[in-house]
Every structure is written in structure tokens, then in C-alpha cells.
Amino acid sequence: MTSLSTVHGPRSRAGALAVGLALVVALGGCRLKDTDEAPGPVPAPPDVAAPPSDAHRTFSGLASKMLRVGVGQARPSRRSLATVNYTGWTTDGTMFETNTGVTFRVDEVIPGWTEGLQLMVVGEKRRFWIPAHLAYEGMPDRPQGMLVFDIELLTVR
């Protein structure tokens, strides 16, 4: 096994130790985030109750507004695997779900997501107002009515 001292000599080892000691001193007052702590609810956007007048609307009733322009050109198809970050709220502002780095096939989610994701490119973040008939209508134990999702498209395969 090659060590720092055999490649660069004792001076390099002393320098590395000094850098390491400086980092320990500099970070000594820092506290890492407690990973056991559950994240709090994400505040609802101010337009959660209804889509704004400048929102893009599709024939099905899905409304969306771009929050951040994407960097890619790839758009998912129905059979693509997409990885996203997202948060969902009911129109009264109650957050019911948030998740990061979730991967799924685009046609295996609610119809509003399937339609909406195909409008996006990688790197884009969009807010969707999904009418009940494109969401969980009639599904027990799921939020009902129009739902609002902020979705960030991370990757498409």
C-alpha cells in the first residue's frame, strides 16, 4: 500500500496534517444536521388555491407554470423512467407528500403526472394544478379534489 509519506516524503505528510488540523479547528463550531429529525412541512405556494391566469392549460384541464427552465432537451415518454423531486398540497395549503430522488415509470403514476411530465425537460421545475379526475378521485385514503404539485425533473431514461 502506498502512503502519503512514501510518495511525497515527510514534508508533505506534515503539510497534510496541518491542513487536516486547520479543517478540524475551522469546523469545530459547526454542527451537522441531525439526520434522524424528520423534515417539516414545505410551505404551500401562494397560488395553491387555483392556477393563475398565466398558467399553461391543456385540453384535459391540467394547468402548469414553469418555475425553473430546464437544461436538457430530453422529454420523457409514457414508458420512460423519470427521477424527480416533488411536493404535493391540497388547495387549502395542506402538504400531504414530499419526496426526493424518486424514480418511476411515467405511465405508472396518476394521469396528471403522466401528462405533465411529458411537457417537461430534464432540469425543469414546474408547478401543476391537477384536477380531481386526473389525480386520486375515488381512491380511498388519498387526497381528493384538485391537487398542486411542484415537480423537478432530474433524469429521464
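Derivation of every value follows stated rules applied to the coordinates shown; laboratory data play no part. The structure presented is a predicted model; accordingly, all values stated were derived computationally and were not measured. No Cβ is skipped: glycine too gets one built from the backbone with ideal geometry, and neighbour counts run over all protein chains shown.
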Grab the beta carbon distance between residue 105 and residue 47, set R0 = 30 Å, and tell me the FRET efficiency rounded to 0.05.
0.50
Loop-located trypsin sites (Lys or Arg not before Pro) in region 37-141 whose Cβ has at most 11 other Cβ within 10 Å (DSSP):
79
I need the chymotrypsin sites (Phe, Trp or Tyr not before Pro) found in region 55-106, filtered to DSSP loop residues with at most 14 other beta carbons within 10 Å of theirs.
59
Where labels lie 7 Å past Cα in the beta-carbon direction, separation of residue 74 and residue 97 in nm
2.4
Using θ = phi - 60° and the Karplus curve 6.51 cos²θ - 1.76 cosθ + 1.60, what whole-Hz ³J(HN,Hα) does each residue of region 135-140 get, with Gly and Pro shown as x?
10, 10, 3, x, 9, x
Using a basic spin-label model with each label point 7 Å from the Cα along Cα→Cβ, how many nm lie between residue 121 and residue 139?
3.0
